[in-house]
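Visitor: Submitted below is the structure of interest, expressed as structure tokens.
A short reminder: the numbers here are calculations on the coordinates, not readings from a lab. Remember, it's a predicted structure, so these values are computed and weren't measured experimentally. Counting neighbours? That spans all protein chains shown, and the Cβs are built from the backbone with ideal geometry, glycine included.
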């Protein structure tokens, strides 16, 4: 590893900026959300409850960020890659078993059980699984490259099938969480893309995943309703209950126009747009800040993601580079899928907008992952690393690192 130097402050400041913007938006629409829930479900939320909840989440996320950035050396976390993924899988499996048993410690919404409920605190184990999978695959892929085992069925694909298959099964099948499944798939494919997996194996894996994904959608009436609603929206079909969400999201963005209606003046947040503080926060920002605001938000995400790619490109250590790409893929997938869903480019999928949507677990763990990237940015080289071509690595069946090690 290179000598330690200053970290990438651009990643730090873009992270802080997005968190601050999320607080402003939740502060503005939180009272509206509380009023809607109180009138609809008879709850007793205070006007500032959602803002205080988001503030608590931001504080915890900042602590997680700086713990990952300054306190825990990544090499220490890497030593626990296997125990971490086992813990995350067991936690997700336990959630499924307890939900089947009807435990009061499991929180269910709209028929899906995805949270542990401990008093007033809810916790989503799928977010732990995202981070655990990134750390595990970073360690696993680096070791297999050094051993020249990338693409080998027994040494490479068998562990991958077991770990990744279990992860996707516990999230997509057991919890019915296709949004998190998309993020996990993005992590896997993003990290495999630079691992040197033979191109034919990579394409075969892609074909299998697409086939399984299409099958899982086709066999779920709820998911097919979302697909039908998306098609109806694109083709100008009649409005219905299933098209309500996406139509109001697009209406919010359209109402915002160029400069937006201003903070506190959102109409959609008063009860028209579902999940206005969670999955639909991008549409609310479009209504509030207009095209200019959305352009700036997307620009900040682009700057953050490009800096992550720069860190990966200037990182010599294989494990570190894999981890940065894993966090990059995780963040990119959630940003793209959320924005595309809110603009009717893909069917509506339950996935949060990183660092902006309301919710503690999601923000906590993605902040920890970004904090690790900031830590690793302190150990980059002065020049970009020349990485091997994926197809050529497939022919060689091993890495130049393992070859150099054998001939030294």
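Visitor: Just to confirm the number: angle between the C-alpha axis of helix 244-256 and the first principal axis of the chain, 0 to 90 degrees, nearest 10?
Guide: 90
Visitor: Relative to the longest principal Cα axis of the chain, at what angle does helix 158-168 sit, 0 to 90 degrees, rounded to 10?
Guide: That works out to roughly 10 degrees.
Visitor: Under 13 Å from a point placed 7 Å out from the Cα of residue 37 along the Cα-to-Cβ direction: which residues of segment 340-379 have their backbone N that close?
Guide: What the label zone holds, given the 13 Å backbone N cut-off, is 358-360.
Visitor: If each DSSP helix of 4+ residues adds -39,500 (n - 2.57) and the sum is divided by the residues in the chain, what number results at 222 nm, nearest 500 deg cm²/dmol?
Guide: Per the formula, -22000 deg cm²/dmol.
Visitor: Further, regarding this structure: Using only alpha-carbon positions, what ratio does the radius of gyration of the chain give when scaled by 2.2 N^0.38 Å?
Guide: Computed over Cα atoms of the chain, the ratio equals 1.00.
Visitor: If I fit a long axis through the Cα atoms of helix 178-193 and take the longest principal axis of the Cα atoms of the chain, what angle between them do I get, 0 to 90°, rounded to 10?
Guide: With both axes taken from Cα atoms, the answer is about 20 degrees.
Visitor: Right, next: If I model a spin label at residue 122 and residue 206 as a point 7 Å from the Cα along the Cα→Cβ vector, what separation in nanometres do I get?
Guide: With each label point 7 Å from Cα toward Cβ, the separation is 3.6 nm.
Visitor: Mind running the shape call on segment 227-305? Use the C-alpha gyration tensor, a ≥ b ≥ c as the square roots of the eigenvalues: rounded below 1.5 for a/c, prolate if a/b tops b/c, oblate otherwise. Write out the running numbers ahead of the final one.
Guide: Numbers: a/c = 2.02, a/b = 1.51, b/c = 1.34.
Prolate, since a/c reaches 1.5 and a/b exceeds b/c.
Visitor: Under a point spin-label approximation (7 Å from Cα along Cα-to-Cβ), what is the residue 309-residue 336 distance to one decimal in nm?
Guide: Calculated label separation equals 1.1 nm.
Visitor: When the distances between all Cα atoms of segment 142-181 are binned every 10 Å from zero, what whole-number percent does each bin get?
Guide: 30, 34, 26, 9
Visitor: Relative contact order of segment 237-291: what whole-number percent is it, with Cα pairs under 8 angstrom and at least 6 residues apart?
Guide: Once divided by the residue count of segment 237-291, the mean separation gives 48 percent.
Visitor: How many angstrom separate the Cα center of segment 33-62 from the Cα center of segment 219-285?
Guide: 21
Visitor: Give me the one-decimal nm value for the distance between modelled label points at residue 263 and residue 222, 7 Å along each residue's Cα-to-Cβ direction.
Guide: A separation of 3.6 nm, rounded to one decimal place.
Visitor: Can you list, bin by bin at 10 Å, the percent of alpha carbon pairs in segment 257-386, starting at 0?
Guide: 12, 37, 29, 16, 5, 0
Visitor: Highest GNM mean-square fluctuation, the chain, Cα pairs closer than 10 Å: which of 156, 368, 295?
Guide: 295
Visitor: For 114, 33, 223, what's the fewest-to-most ordering of other Cβ within 10 Å of each Cβ?
Guide: 223, 33, 114
Visitor: Find the centroid of the Cα atoms in segment 173-212 and in segment 82-138, then give the distance between the two in whole Å.
Guide: Cα centroid to Cα centroid, the span is 21 Å.
Visitor: Rounded, prolate or oblate: which one fits segment 18-153, using the alpha carbon gyration tensor with axes a ≥ b ≥ c (rounded when a/c is under 1.5, else prolate when a/b beats b/c, else oblate)?
Guide: oblate
Visitor: A further question follows. Please tell me the relative contact order of the chain in percent, rounded to the nearest whole number, where contacts are Cα pairs under 8 Å and at least six residues apart.
Guide: The value is 29 percent.
Visitor: Sorting 188, 298 on the 10 Å Cβ count, fewest up front, what's the list?
Guide: Listed from fewest to most nearby Cβ atoms, that is 298, 188.
Visitor: At 0.36 nm per residue, and after removing the present C-alpha to C-alpha distance, how many nm does the segment from residue 343 to residue 60 gain when stretched out fully?
Guide: Stretched out fully, the residue 343 to residue 60 stretch lengthens by 98.8 nm.
Visitor: Report the relative contact order of segment 314-361, percent, no decimals, based on alpha-carbon pairs under 8 angstrom and at least 6 residues apart.
Guide: 27
Visitor: Please report the Cα spread of segment 188-333 along all three principal axes, rounded to whole Å, starting with the longest.
Guide: 50, 38, 22
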